[in-house]
1. State whether one or more residues within region 84-100 are outside any strand (DSSP E or B), exposed (fewer than 15 other Cβ atoms within 10 Å of the Cβ), of a type in the set (Asp, Glu) and modelled with pLDDT under 80.
2. Which ones in region 406-444 are of a type in the set (A, V, I, L, M, F, W, C), modelled with pLDDT of 95 or more and crowded, with 24+ Cβ neighbours inside 10 Å?
3. Within region 253-261, identify whether any single residue is within 25 Å of ARG58 (Cβ to Cβ) and surrounded by 24 or more Cβ atoms within 10 Å (Cβ to Cβ), and answer yes or no.
4. Within region 233-252, can you find the residues that are modelled with pLDDT of 95 or more and either of a type in the set (Ser, Thr, Tyr) or part of a loop (DSSP other than H, G, I, E, B) (or both)?
5. For region 30-41, indicate whether the set of residues that are modelled with pLDDT of 90 or more, within 25 Å of the chain's Cα centre (by Cα) and under 24 Å from ARG316 (Cα atoms) is non-empty.
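The values are calculated or read from the model by the stated rules, or taken from the named source; none is laboratory data. Fair warning: this is a prediction, and the values are worked out from it, not measured in the lab. Cβ sites come from the backbone with ideal geometry, for glycine too, and all protein chains shown count toward neighbours.
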Amino acid sequence: MIHGKLMGVLALLVAWSTIASADNVEYLVKLRTQSPTDTLDVLSRLDGKVDLVSSEGRLFKWSTSTEVDAADVLNTPAVEYFQKNHPIKLFANPSIEKNRQAILEALEEGELPIPGGLGAAPQDNPEIQSPVQQSAGADPLLNNAWGLANVGATNSWSHSPAGKGVIVAVTDTGVDYNHEDLINNMWRNPKEIPGDGIDNDNNGYVDDVVGWDFATNDNKPYDLTVDLFQILLGGGNPGHGTHCAGVVGADHNNGKGASGVAPDAQIMALRFINEKGQGDTASAVQVVDYAVKNGAKIISASWGSEGEEAGDMALREAIQRAQAAGVLFVAAAGNGRQGKGYDNDADAKPVYPSSYQYDNVISVAAIDSENNLAAFSNWGRNSVDVGAPGVKILSTVPGNKYQDTVIDLGEFLHATWDGTSMATPHVAGAFAATLSKNPGLSWQELKRTVLSGTASASALAGKVSTGGKLNLNFLANN
């Protein structure tokens, strides 16, 4: 942890700093040491608002009203590096992105039918409910979740603990932590007393019972649902994090919905992407650090950027800290951006963080139910590791609901839950299931076990490093 005197210095500087305006520029500043003297010397030069991002990374966020010359900040031996606080976002749903202009034109001409029955959006930040007793029973939608059988998950459940005792951090738009198919599988901070307003475990977060919301800095990392047309007009993909969480670890045999790949895993909800699908490096660093410090063994990351942040040292270092702690970082390979300066070959046009060449990063492409590489999916013989189901994926969404279709406007738009975002949690769940059966595996052995167990798929030959798709059938044989 950062030195106590340093925290006092930071508090003083924050109190003195000016309030950042909406058009402020944000930078990240890393110090070489934790020396309070050096810290005071550097931070006192920064005219604006200063916040601690990572004590482990000696990293601060600086908001200022003007563009800054890096040389002005680096002109002191106490600063190790200085960078912009890069934007991070969800990868756009391929169907919506493809049809967005046609939707806008139809709206303008009054041709688009206004869907009824949407009702009010669920309340944001509902109180966190305790686990509940549920009756056993077959999951009624299990057969609709084609990806589970495709990767051998359903076959593996009778041969493994199905993720029991393994914490998976879902870093995303949040999670509906009260969802009927997730509530009993949410990670519960064992050192925190719910609702007492005290930081019982002294980790810097008060009442972080199921995780934390780094987008709004509160203890309710809820997946905010917004109006359908906000999605259509460019407002992110609300429900995204809950959908990913369900793929990892929705409950099994509770008579509700479907199931996750690892239906006994624990879901740690870490929200850093807002309802508009936007986040930044500073908050991404915070979710990675939080996951590592609080016991997650797998981080599921269905987000990124398209090539412009190769030099994002702050995020790189957070992922390296995760590796040093034995944590796998499972990342979406991306959904392609043909015609916008990018293509689907991630070797030629890298996507970050999935293209970072660290051994704990596993990059995931998307396949359809016929084991074809999804038309939208990025691929890369050297930069993408494995394929997994990512087309029309059924999973949990906020409000005790289940979807494989995001929007259905008939001839105007039929958008299913597609993307490497959906493929990624299949792989994260597979790691959890494997680790629960073999808890003594190192992270290197865990990675090798799952990736060496892939099934050959002709459509993936030469497209991903393993040449195959995720396959958990090996759990039945060892």
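1. Within region 84-100, the first condition is being outside any strand (DSSP E or B), and the residues that meet it are 85-86, 90-100.
Cutting the leftovers down to exposed (fewer than 15 other Cβ atoms within 10 Å of the Cβ) gives us 98.
Subset that is of a type in the set (Asp, Glu): none.
Checked against the condition, which is being outside any strand (DSSP E or B), exposed (fewer than 15 other Cβ atoms within 10 Å of the Cβ), of a type in the set (Asp, Glu) and modelled with pLDDT under 80, region 84-100 yields no hits at all.
2. Of region 406-444, the ones of a type in the set (A, V, I, L, M, F, W, C) are 406-407, 409, 412-413, 415, 417, 422-423, 427-428, 430-433, 435, 441, 443.
Right, trim to modelled with pLDDT of 95 or more and you get 422-423, 427-428, 430-433, 435, 441, 443.
Those that are of a type in the set (A, V, I, L, M, F, W, C), modelled with pLDDT of 95 or more and crowded, with 24+ Cβ neighbours inside 10 Å: MET422, ALA423, VAL427, ALA428, ALA430, PHE431, ALA432, ALA433, LEU435.
3. Filtering region 253-261 for residues within 25 Å of ARG58 (Cβ to Cβ) gives none.
Looking for residues that are within 25 Å of ARG58 (Cβ to Cβ) and surrounded by 24 or more Cβ atoms within 10 Å (Cβ to Cβ), one finds none in region 253-261, hence no.
4. Matches in region 233-252: THR242, ALA250, ASP251, HIS252.
5. Yes, region 30-41 has at least one match.
Matching residues to (1) within 21 Å of the chain's Cα centre (by Cα); (2) more than 28 Å from GLY279 (Cβ to Cβ); (3) crowded, with 24+ Cβ neighbours inside 10 Å:
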position: TRP157; (1), (2), (3): no, yes, no
position: THR171; (1), (2), (3): yes, no, yes
position: VAL175; (1), (2), (3): yes, no, yes
position: ASP181; (1), (2), (3): yes, no, yes
position: ASN185; (1), (2), (3): yes, no, yes
position: ILE193; (1), (2), (3): no, yes, no
position: ASN202; (1), (2), (3): no, no, no
position: VAL206; (1), (2), (3): no, no, no
